[in-house]
1. Within the set of pairs 6 or more residues apart or between chains, which connect a residue that is under 18 Å from TYR214 (Cβ atoms) and touching a residue at least 12 places away in the same chain (Cβ under 8 Å) inside the stretch 133-155 to a residue that is among the charged types (D, E, K, R) and part of a strand (DSSP E or B) with Cβ atoms less than 7 Å apart?
2. Somewhere in the stretch 660-667, is a residue within 20 Å of ARG688 (Cα to Cα) and open to solvent by 10 Å² or more (accessible area, probe 1.4 Å)?
3. Quick check on the stretch 655-671. Is at least one of its residues within 45 Å of the chain's Cα centre (by Cα) and more than 26 Å from SER581 (Cβ to Cβ)?
4. Just the residues that are open to solvent by 70 Å² or more (accessible area, probe 1.4 Å) and among the hydroxyl-bearing types (Ser, Thr, Tyr), please, taken from the stretch 277-317.
5. Looking at GLY328, GLY339 in this structure, which one is touching a His at 6+ places or on another chain (Cβ under 9 Å) and either modelled with pLDDT under 95 or closer than 15 Å to MET443 by Cα (or both)?
6. PHE791 is checked against (1) farther than 26 Å from THR447 by Cβ; (2) open to solvent by less than 20 Å² (accessible area, probe 1.4 Å) and fails just one. What number does that condition carry?
7. Do you know which residues across the stretch 176-186 are more than 15 Å from PRO153 (Cβ to Cβ) and in contact with a strand residue (DSSP E or B) (Cβ under 8 Å, 6 or more places away or on another chain)?
8. List pairs: first in the stretch 703-729 and more than 23 Å from HIS669 (Cβ to Cβ), second surrounded by fewer than 23 Cβ atoms within 10 Å (Cβ to Cβ) and not charged (D, E, K, R), Cβ under 6 Å, 6+ apart or cross-chain?
Amino acid sequence: MRRFQKNQVEDFAKLLDQAHAEIMTYIEKNAAGEALSLLEQCQQGAIQIGNLIEKTESEGCAAIPLLEQYCELLYQLHEEIGQNQKEIKKAARAMKHLRQILIRIESSIKHDIKVRTEAVFLPYKACMWDSLESIWRAAEEDEDCDAYVIPIPYYDKNPDGSFKEMHYEAEMYPDYVPVIDYRSYDFEKRRPDMIFIHNPYDECNYVTSVPSSYYSKNLKKYTDQLVYIPYFILNEIQIENKKAIEAMKHFCTVPGVIHADRVVVQSESMRQIYINVLTEETGKDTREYWENKILGMGSPKIDKLLRTKKENLEIPESWLKIILKPDGTWKKIVLYNTGVSSLLNYNEKMVEKMKEVFTIFKENQNDIALLWRPHPLIKATIESMRPNLWTEYEKLVREFKEERWGIYDDSADMDRALIISDAYYGNGSSLVQLFEKTGKPIMIQNTEMSDKESDRRLTGKEKIQLFFNAVAMVDDKIGYASAYNLNGLFKINTESGKCEYLTRFPDEALKTKNLHFCAEYSCGKVFFFPQIGKYISVYHILSGEIQTIELPQTEYAYYSQRMKFAQSFLFQDKIYAVGASYPAIIEIAPWNLELKIYPLDFGERKILFRAGGTLYDRSFYIPSVTSNILLQFCMEDKKSFLIEMPEGYQGAWSAACDGKRVWLAPRYHDDPIVYYDILRRETGTIDRFPEGFTGGDDLFLRPVYRKGYIWVISEKANMGFKINPDSFDLEEIKEINRLEEDETYGCWFIEGRYLYGIKKKKDADWIDENDNENFIVNLDTWETKPFSFCFCGGVDKRRKDMADEYKAQMQINRFEGKILTLEELLFLIPYMHTHECNKNSQTTVGKQIYSVLRKAD
């Protein structure tokens, strides 16, 4: 029996109990007519209860014979009262007997009649059924539940919002899912206990719509529990990431979320985001309401993926023709997923990107099979919102299908594509979150990256830009460098900018940034000192081998594994390296690698150094970035001194010496220029700047001493300036252009008389080649010209190193870029390490969701 039916039966029984008291009152008052009328009504009510129980329960239900006895007693009492034969005492005994039978009837109704739940699932697109399937399975397995899958139609919309073509996908569901026609189910009569939906938009979707009768606000009228399960999975977001939350908050305020009685989202952290957004929208006094309504139990889409086994899949013959090699083995399959938003955002540029992607896959079709799965709403969305773009996109689809070298998958079975694919490439979407569960490599498509614009393919004409912090020159133009943006040792030419990949640094991740921060050459060896790397690495040029030297442990409270060393330099026949947060200066004898450590005692102070020291007369000076300390290290007696700059000074990136004074350019806008007089051991300040000077924090990069002046190079200040160390006068550097408000300068390294720098937008990444300008400055002439280091050799060696690493341990999960391209992905797929996803879990998300909602029913 259904819950609402049992409630009706119980309500009838309560009415009978109330009627008994009134009947006795009428008998006592000798009001036979009123008593008889109530007895007749009791009989009709008992018959109705019996009929309802007989329709829904088996004949053996104990309440049925009890109801028959009850009706017989009612009849006898009715006859006796009608013949005026019933005395008050006898009537009281008869009513007591009736009451006893009614109690037994009520007990039987409560204990013998089981409540059956009716759960209705209303998917509209068959390919989104996976968001509901495992809940439906749990309902099907419940002996006391009747579950109905009722696919509903949907319409494409015209630009004016009117409906046009109708779609009904009932025939596209798996054979094991028994669907029923939406026209045969009467919600008003059946009043299901639970209704599950995955379409939350109601009238707010500009592209498609289900019929208005299936809007959440209307379905809510026919059930006590309307449940919304999103058909998508979003990227997980940190609760404090306001920018990301702002971009997705519209998902939290759609009609389905507002009208549903329960909303189940993918995680507890996403639940908190929904609660916070909805509370902000509706008032802080509503928080408890949303906390009870939103559940963070996970997505049933994961269940569907984990229970799908490759060996049980039915692969179309047309697919196998593309997948199988001549020897019968399978090619590696890459799932290419294209979404709606990328087409709306990039328009024709996205179409061009897709053409280039197809060209790359077509060239690799002997080993790689492309499985293209476009978002199911692309046609409806683009045709409605970008009709001109739709013509071009449709042509691309048609050509792809006709050429038949790749698979076009617009079927409802998304999980088949996920399971048989060996890697994912394409737009960010809920498919990415699902594909992560397979443990296979993922690359997010970069629409901004174009073959035509960058000529990025790994050939002899490679134009990938490289960036270096750690460089050691062996002559005027040849040097060895550790790349900033990847694990790679390169031989570089500072005249041509051409770089040859030699090898990777051992036991370091291949895609690590800032592996090393400084380097020195001596005795046929190059010494690389780590920033976040694990070791000091020594490259033997003749043999090509890399030797590693471990750092002694330190107890310094502010030591950071990500900021190990700041600067290195040669003095006489030794190499010295100054710690950034590592509290020591290291001395290395390059001929035998003998290591000596000279500790720096910072006490309880937090001191950090960067690449900005200056060498003068057997002493090395370097300022702290985070405090008013200037470190002096004397090479003769190996002693260090912490020189106090003026009180309140907040730090500087670097220093320069004019032979008398060490000059520090301020990092922060309210600090002056500071100098240290070496002979007098006194500090002084200059607090005036050239006219028109502006800037916030991180004002200046480096001061350098040239031609009798201290030249102070800007970082975020709008200008640099030069200081006359005799007169202390300041003058703007005219040779370097002023910065605009949203620009900043950066310095990769200074080698000899050249500074290698970059100008970028303040919010751009350091290696964003679209907006950034790399340049070189001649510090003698201050001539500035564009200059870039380019990856032009050693491509095969790098590929082999990448393959070895990925084969050993790593998975790819990253954004497409010029260091790891689509072609690199295709090359590396055979070497990828993947783990088996857990397909043996007995407790699924769907079961948990159903169990919680069933108890609440």
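The values are calculated or read from the model by the stated rules, or taken from the named source; none is laboratory data. Bear in mind the structure is a predicted one, so any value in this text is a computation, not a measurement. Using ideal geometry, Cβ is built from the backbone for each residue, glycine included, and neighbour counts are taken over all protein chains shown. When the accessible area is computed, the model is the full protein with side chains, heavy atoms only, and any ligands, DNA or RNA have been set aside. Shrake-Rupley method; radii C 1.70, N 1.55, O 1.52, S 1.80 Å.
1. Hits for this filter: TYR155/LYS164; TYR155/GLU165.
2. If we filter the stretch 660-667 for residues that are within 20 Å of ARG688 (Cα to Cα), which is where we start, we get 661-667.
Next cut, open to solvent by 10 Å² or more (accessible area, probe 1.4 Å) only: 661, 667.
Yes, the stretch 660-667 has at least one match.
3. no
4. TYR289, the sole residue that qualifies.
5. On the way: GLY328 fails: touching a His at 6+ places or on another chain (Cβ under 9 Å).
Being touching a His at 6+ places or on another chain (Cβ under 9 Å) and either modelled with pLDDT under 95 or closer than 15 Å to MET443 by Cα (or both) holds for just one of GLY328, GLY339, which is GLY339.
6. Unmet condition: (1).
7. Filtering the stretch 176-186 for residues more than 15 Å from PRO153 (Cβ to Cβ) gives 176-178, 186.
Passing the criteria: VAL177, PRO178.
8. ARG706/LEU779
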